[in-house]
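Read-outs throughout are calculated quantities, based only on the coordinates presented, and are distinct from any laboratory measurement. Nothing here was measured: the structure is a model prediction, and the numbers come from that model. Note: ideal-geometry Cβ built from the backbone for every residue, glycine included; neighbour counts use all protein chains shown.
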Amino acid sequence: MSISRYIVFSNAHRAQITLASGAPSLARGPEAVNSRRARLAAAMAGKFDAASAARLEKIYAAPEIAEQRARTRAVLAARPGERGLDIGCGPGFLACELAGEVGPSGRIIATDSSPDMLAAVRERVRREGVGGRVEPVLSDAAALAFRDASFDFAVAVQVYLYVPDVEGALAGAARVLRPAGRLVIVDTDWGSCVWLTSDPARHQRVIEARMGDFAQPHLPPRLPGLLRKAGLHVSHAEAIPVLNVRYDPDSFSVGIIGPTKESAIRQGLPQAEAEAWAADLKARTGDGDYFFSVNRFLFVARKPTPSP
Ligand SMILES: C[S@@+](CC[C@H](N)C(=O)[O-])C[C@H]1O[C@@H](n2cnc3c(N)ncnc32)[C@H](O)[C@@H]1O
């Protein structure tokens with residue numbers, strides 16, 4: 001089945017999608033790949049710290065991201081009593097929401113490689129009164145330390161784009177699923193980003209530099225093949241556009257202006273250029289002055305049941 005035949009658009013977020021021309025180019029060849037992996041591992045270590053957790057608390061409270069979680073939960077369809085794994089759980093929004101669905105007899109193991117994110121999860125669990133249902137565990141997505149076939153479902157939202165060994169991570173997720181267990185992945189192809197700016201060439205340089213911070217900036221088109229390789233069967237896929245058509249300080253896109261600017265500077269873009277890019281966007285407060293869209297892609301993959 002071709003992917004285009006089973007992609008459907010969320011009714012809440014129907015949008016005209018324009019692919020950015022001149023998608024960012026990545027270094028090629030084994031040496032370039034190795035040095036890129038080493039840079040990424042070093043950068044990742046300090047990236048998801050307490051400040052980042054506080055920032056995600058705000059950005060992921062945006063209504064469009066809450067809606068993305070609602071869509072994710074709808075396709076996951078967690079049932080009371082199930083045991084689920086949230087891979088790269090961040091500050092724990094989804095883990096705590098899923099705790100309500102699996103109920104008191106179920107369990108969500110919320111994993112992340114950042115101790116600061118897990119501290120934010122503990123705080124959220126306490127605030128939301130779901131202690132006993134959500135268990136925060138420090139774990140790398142590419143080295144899951146859980147027993148084979150020990151989860152009814154696993155979910156990984158906006159995580160695999162940061163994971164250099166994504167094939168190993170998918171194999172690990174498949175391993176810990178029970179037969180018929182499902183894996184739901186939501187990830188972004190940053191080539192689908194459309195952002196209205198006054199200087200498209202400068203904008204392209206910022207986005208290209210920002211891509212350098214991601215291990216997998218264009219993962220979604222490869223996911224059906226990678227999931228198949230991991231022994232899973234893709235049963236559903238859809239696009240979830242994140243769309244902002246006016247400047248709103250509480251929106252997802254306005255929330256990522258600062259982190260995008262900082263990331264581009266870390267990746268070597270001149271500070272003055274990154275600052276000018278951010279200042280342009282932040283001045284777009286008038287009616288009709290602001291437009292942002294990026295596609296999330298959601299996949300449901302199932303572990304086959306052994307034939308009798
Ligand atoms: C953009 S946040 C997404 C958080 C959460 N899944 C959500 O959608 O709300 C990415 C998260 O992935 C985590 N992460 C990055 N690389 C990871 C890895 N190799 N293993 C586990 N977690 C990782 C980060 O610490 C961060 O919490």
Legend entry - Translational D in µm²/s for region 171-308 (Stokes-Einstein at 4 °C, 1.567 mPa s, Kirkwood Rh from C-alpha pairs): 76
Legend entry - Candidates VAL163, VAL245, VAL176: whichever shows maximal mean-square fluctuation once the chain is modelled as a Gaussian network with Cα springs under 10 Å: VAL245
Legend entry - Computed E for SER307/ALA276 - FRET, C-beta separation, R0 51 angstrom, nearest 0.05: 0.25
Legend entry - region 207-308: trypsin sites (Lys or Arg not before Pro) falling in loop per DSSP and having at most 16 other Cβ within 10 Å: ARG246
Inset, instruction - Pull up the cross-link candidates among the lysines for LYS58, meaning alpha carbon to alpha carbon under 24 Å and not fewer than 8 places away within one chain. - result: LYS47, LYS261, LYS282
Legend entry - Mean shadow area of the chain, taken as a quarter of the surface of its Cα convex hull (nm²): 16.5
Legend entry - Magnitude of the charge dipole, the chain, Cβ model with Lys/Arg +1 and Asp/Glu -1, debye to 20: 840
Legend entry - Neighbour-count order for THR285, THR111, THR260, fewest beta carbons within 10 angstrom listed first: THR285, THR260, THR111
Legend entry - Efficiency of FRET from Cβ geometry, ALA54 and THR285, R₀ 30 Å, rounded to 0.05: 0.80
Inset, instruction - Please arrange LEU76, LEU183 by counting, for each residue, the other beta carbons lying within 10 Å of its beta carbon, fewest first. - result: LEU76, LEU183
Inset, instruction - Can you give me the three principal axis dimensions of region 61-211 from its C-alpha atoms, in Å, biggest first? - result: 54, 33, 29
Inset, instruction - Sort SER307, SER263 so the one with the fewest other Cβ atoms within 10 Å of its own Cβ comes first. - result: SER307, SER263
Legend entry - Cα coordinate range in region 110-160, projected on the principal axes (Å, largest first): 31, 22, 18
Inset, instruction - Describe numerically, in nm with one decimal, the distance between label points set 7 Å from Cα along Cα→Cβ at ARG127 and at GLU67. - result: 2.3
